[in-house]
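Remarks on the structure that follows.
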Amino acid sequence: MTTTTNTPDTTNTPDTGNDERLRRWRLVLGGDGAEGTGRALTGRDAAMDAALGALYGDGGATGARNRTGRSAGLGASAPSVARWLGDIRTYFPSTVVQVMQRDAFDRLDLAALLLEPEMLEAVEADVHLVGTLLSLGKAMPETTKETARAVVRKVVEDLEKRLASRTRATLTGALDRSARTDRPRHHDIDWNRTVRANLKNYLPEYGTVVPERLIGYGRAARSVRKDVVLCVDQSGSMAASVVHAAVFGAVLASMRTLRTRLVVFDTAVVDLTDQLDDPVDVLFGTRLGGGTDINRALAYCQSRITRPPDTVVVLISDLYEGGIRDEMLKRVAAMKASGVQFVALLALSDEGAPAYDRDHAAALAALGAPAFACTPDLFPEVMAAAVEKRPLPVPALAADGEAGH
């Protein structure tokens, strides 16, 4: 007997999986199908491809075609750029939009168009846009400044919502724990330290330790317990770090148990402490770009320290020193010897590994002041560790001074 198996006829059935792969490759490669996919785009896909081609085609604003067939077509016209900004916000998620905006500023030199209020209203606001606005500085006309402040304030408020509560909670706990007491309340007992202190009172017949002496955490008083100095490099490469430092400075300044000072520097030093109640004012008080004199900035910070054992100094810099290197290192050594907790952050941002001076990072590590990049989400933990004078929550440094992240 012969058994017949019915097999579906797939001769004319479209391979939807392969079709989707070809579509994606076509969007990646651009062109008109001659690149090998043989796929033409229509509708929304064609509009997405046009938005990508306007930015990533060779020739910049000239409209020249590249090897994939894409051409750049933004031009230098504010209306065409505004339309393009609207298009990419329609077709791509905000994280991709932010990347494309940064690429547009870099590839097509569109920063100058931000001086026009209508352009500012069209862009997706993020930390990098704030850095670009701040770098424009005095070139910004009065008609644009209010719009620029509104954009900066939106970014700052978003960052504060994300970071403020956790920062206050983490540091409040650290300040409480930093005040040890021998007469703690039940909920404040540090059981690990208590057990270690009472091991001599171990009763083998009961298998327990009699806690003759209790060790616990004190409650932080309302008076100032710690001084924090944020010393921030405002050279052009540190733009995102400056934005985050301004936000954190305002958050720390709002805590009554901390006395916070914010100092920004290039070759000059500016104390912005009196503006910490509004991080937007702080940011517009900075001047991105210029040289770097870390030694001079640290000299100023050192002169303002009155309680070294209760002071945390946070230097935020890529360590490309233009001042006197040996004097800078001597100042760090002197501060640490006096009891100051010194933290060096190569960056305070969500970016990847930063560019930094490895020799200076290694020299600081040799002094017991490791230099490392820090994300905004990790910063509260770093500050808590510094307040409690415990090891910082970062990878150990390599022998050559390479920073952990």
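Can you tell which of Arg83, Arg149, Arg102, Arg89 is basic (Lys, Arg), surrounded by fewer than 19 Cβ atoms within 10 Å (Cβ to Cβ) and in contact with a Ser or Thr (Cβ under 9 Å, 6 or more places away or on another chain)?
From the options Arg83, Arg149, Arg102, Arg89, the qualifying one is Arg102.
When you go through Thr292, Thr306, Thr286 one by one, which is the residue that is closer than 27 Å to Lys154 by Cα, among the β-branched types (Val, Ile, Thr) and not in a helix (DSSP H, G or I)?
That would be Thr286, the only listed residue that is closer than 27 Å to Lys154 by Cα, among the β-branched types (Val, Ile, Thr) and not in a helix (DSSP H, G or I).
Can you confirm whether Asp350 is at pLDDT below 95, surrounded by fewer than 21 Cβ atoms within 10 Å (Cβ to Cβ) and either within 26 Å of Ala174 (Cβ to Cβ) or of a type in the set (Val, Ile, Thr) (or both)?
Taking the combined requirement at face value, the residue satisfies it.
Can you spot a residue in segment 5-22 that is aliphatic (A, V, I, L, M), under 32 Å from the mean Cα position of the chain (by Cα) and at pLDDT 75 or above?
no
Residues are listed down the side, and each one gets a yes or a no for (1) in a helix (DSSP H, G or I); (2) out of contact with any Leu (no Cβ under 9 Å at 6 or more places or on another chain); (3) of a type in the set (Lys, Arg):
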residue	(1), (2), (3)
Val313	no, no, no
Leu319	no, no, no
Glu327	yes, no, no
Val332	yes, no, no
Gly339	no, yes, no
Phe342	no, no, no
Leu346	no, no, no
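The values are calculated or read from the model by the stated rules, or taken from the named source; none is laboratory data. All values derive from a computational prediction rather than experimental measurement. Neighbour counts run over all protein chains shown; Cβ positions are idealised from the backbone, glycine included.
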